[in-house]
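Just so it is clear, none of the values below were taken in a lab; they were calculated from the coordinates. From a predicted model like this one, the values you see are computed outputs, not experimental measurements. Virtual Cβ from ideal backbone geometry, glycine too; neighbours counted across all protein chains shown.
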Amino acid sequence: MSAQAKAEALAKQVMQAMAESKAAEARAVVLGEKMMKAVAQAKKEAKVAQKARTIVEYPSGRYECGQCGQSVLITTAADKLPECDNCGSNKVKGHEPKITRIEPPAPKKYKAGMYQCSGCETRAAVAVDTNNLPECDYCGNRLKPLSS
Ligand SMILES: [Zn+2]
Ligand SMILES: [Zn+2]
């Protein structure tokens, strides 16, 4: 094979490799968009869990109606007291409830999304919010938010 023919064959291979990488990049963009949609959906679903809330638990035991004095027995811990069997009053009392406040987890430093290696510029997809970004798979450098 002449050097010229060799050069032309290699040029063809270069073009083909470029076309393949373009196609792969386009595919990556589409997948990235899909991932962001899934991330948004996951966030919506997680919202309930993210809310601060208070859990009230009355211990089991003997309570008493504040209205008629009827004693009310609670056999398992409950989040609210029953009405009095005798007079229907809701002023049953006897024990202080245990109150537990659930705080939502602190927001993470880095949001899920597309990132880019600060060294080799390879893109990386991060699917969950995190405090520690993974390192680049290829060169081990830090990732940074994708500048678009
Ligand atoms: Zn009562
Ligand atoms: Zn890299």
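Structure data summary
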| quantity | calculated |
| --- | --- |
| Which listed pairs, of 44/109; 22/108; 51/111; 44/111; 47/80; 43/109, have C-alpha distances above 22 Å, in listed order | 22/108; 47/80 |
| Most to least packed among 62-69, 21-28 [average Cβ atoms within 10 Å] | 62-69, 21-28 |
| Magnitude of the charge dipole, segment 53-102, Cβ model with Lys/Arg +1 and Asp/Glu -1, debye to 20 | 220 debye |
| Mean Cα-pair separation over length for the chain, i.e. relative contact order, pairs under 8 Å, 6 or more apart, % | 17 percent |
| ³J(HN,Hα) computed for each position of segment 111-119 - Karplus, 6.51 cos²θ - 1.76 cosθ + 1.60, integer Hz, glycine/proline x | 7, 4, x, 8, 10, 9, 5, 6, x |
| Surface/4 estimate of mean projected area, convex hull on alpha-carbon atoms of the chain, nm² | 15.4 nm² |
| Helix 3-50 vs. the chain, principal-axis angle (Cα, 0 to 90°, nearest 10) | 10 degrees |
| Candidates 103, 83, 33: whichever shows maximal mean-square fluctuation once the chain is modelled as a Gaussian network with Cα springs under 10 Å | 83 |
| Per-peptide average of other Cβ atoms within 10 Å, ordering 50-58, 107-115 highest first | 107-115, 50-58 |
